[in-house]
Amino acid sequence: ERAKVIFSLEDSVKPLHVKFGEIIFREGSAGDLLFMQDSGKIDITAAGKKVRTLRDGEMTGEHAAFYADKPYNVSAQCVSKDGCTLQILDGKQIRQMCDRNRDLYDSFRDIVLRRDFKKALVKVTGRDFPETTKELRAAFDIIDSNNTGKLEFEYLKRAVLAWDHSYTDDDIHAMMSSLGVKSKSYLTWEEFQRIFGMFNEM
């Protein structure tokens, strides 16, 4: 929330209106813009599967804007009959703000890591992001290929690297930390359910 508020206060934010069915950006394409939704419904997909639908005030394109040298790792499409309105901000300006404000950097990085973990789950399961407890359990069991009842770090690493092979062990540990897993390198079913149930409230 801090990141979104600060970005929205920038004088350089520009408006954008897109029509129903229009692709705002495509997965794998180069770009360096952050998009913040004002109105309309925007679906975010990864590997052809739905990750989430933007709510008013939410942002997308954060992965490319944060890393500078990485492409968009999702696609964004307006699915509202009346079109969608967004605000756009240049990624270079975002990184400059993050360089000046460590708290902002940490907040924005947490957003990127949490959402990339969510995209990795969609990639490794080949399914839309789970919305029910039953779907969450099925996704957990897919990653827990050895049926241990917990997701060891190596399982989580395998899922993330299947999504983005450039992530290091340190990056993945930071991802776990951003999800609230600080004291151990695995996820129990209860933690998994809490974390991804939280995503469905975001």
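Read-outs throughout are calculated quantities, based only on the coordinates presented, and are distinct from any laboratory measurement. This one's a predicted model, so the numbers in the text were calculated from it and none came from an experiment. Using ideal geometry, Cβ is built from the backbone for each residue, glycine included, and neighbour counts are taken over all protein chains shown.
Structure summary
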item: The range 1-128 - Kirkwood radius from inverse mean 1/r over Cα pairs (Å); result: 14.6
item: Per-residue ³J(HN,Hα) for the range 116-128, Karplus 6.51 cos²θ - 1.76 cosθ + 1.60, θ = phi - 60°, Hz, x for Gly and Pro; result: 5, 5, 5, 5, 4, 4, 4, 4, 6, 8, x, 10, 4
item: Share of alpha-carbon pairs per 10 Å distance bin for the range 92-170, given as whole %; result: 17, 39, 27, 14, 2
item: Residue among Lys134, Lys123, Lys92 with the largest mean-square fluctuation in a Gaussian network model of the chain, springs linking Cα atoms under 10 Å; result: Lys134
item: Within-13-Å neighbourhood charge of Thr133 [Cβ basis; K, R +1; D, E -1]; result: -1
item: Tilt relative to the chain, helix 189-199 - C-alpha long axis, 0 to 90 degrees, to 10; result: 10
item: Mean Cβ neighbour count within 10 Å, used as a protection proxy, ranking 164-170, 20-26 highest first; result: 20-26, 164-170
item: Nearest 10 degrees, 0 to 90: helix 153-163 Cα axis against the chain principal axis; result: 40
item: Isolated Cys in the chain, by beta carbon distance under 4.7 Å; result: Cys98
item: Length-normalised contact order for the chain - Cα pairs under 8 Å, 6+ apart - percent; result: 21
item: For the chain, calculated [θ]222 nm from helices alone, where every DSSP H run of n ≥ 4 adds -39500 (n - 2.57); result: -13500 deg cm²/dmol
item: Mean separation of Cα contacts under 8 Å, 6 or more apart, over the residue count of the range 25-144: relative contact order %; result: 30
item: Acute angle (nearest 10 degrees) that the helix 169-178 long axis makes with the longest principal axis of the chain, alpha-carbon atoms; result: 80
